[in-house]
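Following: one structure in structure tokens, then a few remarks.
The values are calculated or read from the model by the stated rules, or taken from the named source; none is laboratory data. Note that the structure is a prediction, hence the values are computed from the model and not measured. Quick reminder, even Gly has a Cβ in these numbers, built from the backbone with ideal geometry, and neighbours come from all protein chains shown.
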Amino acid sequence: MNYRDFDTYLKKFPDKNGYFGEYGGQFLPPELIPAFKEIDDAYEEICHSAQFINELRRIRREFQGRPTPVYHCERLSKHFGKCQIYLKREDLNHTGAHKLNHCMGEGLLAKYMGKKKIIAETGAGQHGVALATAAAYFGLDCDIYMGEVDIAKQHPNVIRMKMLGARVIPVTHGLKTLKEAVDAAFDAYLKEYETSIYCIGSVVGPHPFPKMVRDFQSVIGIEAREQFLEMTGILPDAVTAAVGGGSNSIGMFVPFLADPVDIIGVEPLGRGSGIGDHAASIAYGKKGILHGFESYLLQDENGDPLPVYSIASGLDYPATGPEHAYLHDCGRVQYTSISDDEAMEAFFLLCKYEGIIPAIESAHAVAYAIKYAKEHETGSILACLSGRGDKDIDYVYEKYGCGEQFNL
Ligand SMILES: *Cc1c(COP(=O)(O)O)cnc(C)c1O
């Protein structure tokens with residue numbers, strides 16, 4: 001399908017059961033079905049309410065600092081030739097990444113539903129910090145489940161969550177990382193769903209989360225499209241973003257689906273294509289079920305998720321959002337992958353040519369934009385810079401110094 005088929009896309013996808021074509025849905029223990037129905041009903045009502053929309057707009061402007069700018073990378077573009085690279089600066093959103101876009105939406109929904117507490121899991125801690133921020137803003141309790149291994153690795157984010165007033169609850173069974181934390185958060189939600197709400201960290205999980213998180217994140221692409229048109233008078237030739245669970249990318253892509261613009265999602269290739277060396281679930285996965293939804297999944301012959309790896313801890317998830325699976329299969333969005341080393345070279349290029357330290361996740365999108373600029377004589381590419389790299393500098397310095405090896 002091409003862009004002409006996407007005029008009425010948002011009205012049709014997902015369908016009322018949460019399906020994007022054959023992907024998505026809601027695979028839940030029976031006890032949780034009423035809780036998710038309550039969230040679905042509340043969201044359907046609220047997303048059309050002028051009061052909710054106006055309050056969210058005010059929060060975005062006054063608390064988050066939106067709109068974030070679109071920035072023309074003149075020096076970087078010139079370094080590679082004539083194709084122009086632009087960035088949507090989600091690193092300038094409050095807390096330094098796009099995740100707050102949906103956390104503030106979910107927090108506002110919790111408030112409208114009369115809930116007292118937000119429950120979630122976190123891996124590297126980025127989702128936990130954004131959610132703890134939203135909980136503090138709305139005066140809600142916040143319980144974040146986190147594997148003991150991750151707690152030890154991500155000390156600064158654990159401190160941030162606690163300073164913001166959240167409870168960080170260690171998960172001590174199994175491998176003590178993200179998967180166990182998801183299970184623990186679901187168990188807790190099962191016991192407290194009447195007074196609490198579960199909030200997911202990306203466009204994944206059971207319906208209505210992939211839809212809700214997409215809607216909240218679409219502010220990225222809506223703003224960027226308008227800003228780019230205003231800056232240049234035309235649309236970009238291509239739009240790109242890094243795909244972990246898929247939230248910053250879907251937010252960037254959806255407002256461009258009906259435009260004559262190439263759209264490219266970038267998956268993490270890590271150390272290479274071997275099992276356990278990457279997290280490129282569309283490139284190497286196949287259809288399966290994880291965490292309550294159906295999508296592309298890196299899985300073994302029993303359907304269990306395979307180990308994944310990326311230098312960017314926000315990208316190392318063995319599946320991707322169901323809407324990406326659909327957009328891949330129908331051909332509207334192309335998916336490609338970028339290795340650790342390519343991402344790190346782009347990280348240092350952006351530092352040295354533009355004065356921006358990107359999150360390593362976002363550096364994957366920048367790396368693809370650079371690749372595109374090298375291959376095109378003219379035109380433009382707009383990449384989503386999903387977050388800033390302050391969180392990554394200690395790790396980067398330890399492994400790569402200040403980038404001397406790249407001879408930039
Ligand atoms: C979490 C994170 C990502 C990956 O998540 P998506 O849901 O795929 O957007 C990308 N960039 C940053 C900065 C993140 O914190």
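Check whether at least one residue in region 83-98 is part of a helix (DSSP H, G or I) and hydrophobic (A, V, I, L, M, F, W, C), and report yes or no. Looking through region 83-98, at least one residue is part of a helix (DSSP H, G or I) and hydrophobic (A, V, I, L, M, F, W, C). The combined condition, being within 19 Å of residue 240 (Cβ to Cβ), of a type outside the set (Lys, Arg) and crowded, with 23+ Cβ neighbours inside 10 Å, is not fulfilled by residue 319.
Restrict the check to region 254-273 and report whether at least one residue is within 11 Å of the ligand (Cβ to nearest atom), closer than 26 Å to residue 5 by Cα and in a helix (DSSP H, G or I). There is no residue in region 254-273 that is within 11 Å of the ligand (Cβ to nearest atom), closer than 26 Å to residue 5 by Cα and in a helix (DSSP H, G or I). Pairing each residue of region 241-257 that is at pLDDT 95 or above with any residue that is small (Gly, Ala, Ser) and part of a strand (DSSP E or B), provided the two are 6+ apart or on different chains, yields C-beta distances under 6 Å for 243/265; 248/241; 249/241; 249/265; 252/241.
Just so you know, in region 114-157 the residues that are closer than 18 Å to residue 212 by Cβ and among the β-branched types (Val, Ile, Thr) include one that is surrounded by the most Cβ atoms within 10 Å (Cβ to Cβ), and it is 119.
Tell me, yes or no, whether region 90-113 has at least one residue that is among the acidic types (Asp, Glu), buried (at least 20 other Cβ atoms within 10 Å of the Cβ), within 13 Å of the ligand (Cβ to nearest atom) and modelled with pLDDT of 95 or more.
yes
The set of residues from region 293-333 being among the small types (Gly, Ala, Ser) and within 16 Å of the ligand (Cβ to nearest atom) comprises 295, 310, 312, 313, 314, 319, 321, 325. For residues that are more than 15 Å from the ligand (Cβ to nearest atom) and surrounded by 24 or more Cβ atoms within 10 Å (Cβ to Cβ), scanning just region 167-197, find the one that is farthest from residue 34 (Cα to Cα). In this case the residue turns out to be 171.
Cβ-Cβ distances below 7 Å connect the following pairs, each with a first residue in region 205-217 that is farther than 13 Å from residue 47 by Cα, a second residue that is within 14 Å of the ligand (Cβ to nearest atom) and modelled with pLDDT under 95, and a separation of six or more residues or different chains: 205/291; 209/200. Is there a residue being of a type in the set (Asp, Glu) and either under 23 Å from residue 39 (Cβ atoms) or not in a helix (DSSP H, G or I) (or both) anywhere in region 225-236? Looking through region 225-236, none of the residues is of a type in the set (Asp, Glu) and either under 23 Å from residue 39 (Cβ atoms) or not in a helix (DSSP H, G or I) (or both).
For region 180-223, the set of residues classified as closer than 18 Å to residue 18 by Cα and part of a helix (DSSP H, G or I) consists of 209, 210, 211, 212, 213, 214, 215, 216, 217, listed by residue number.
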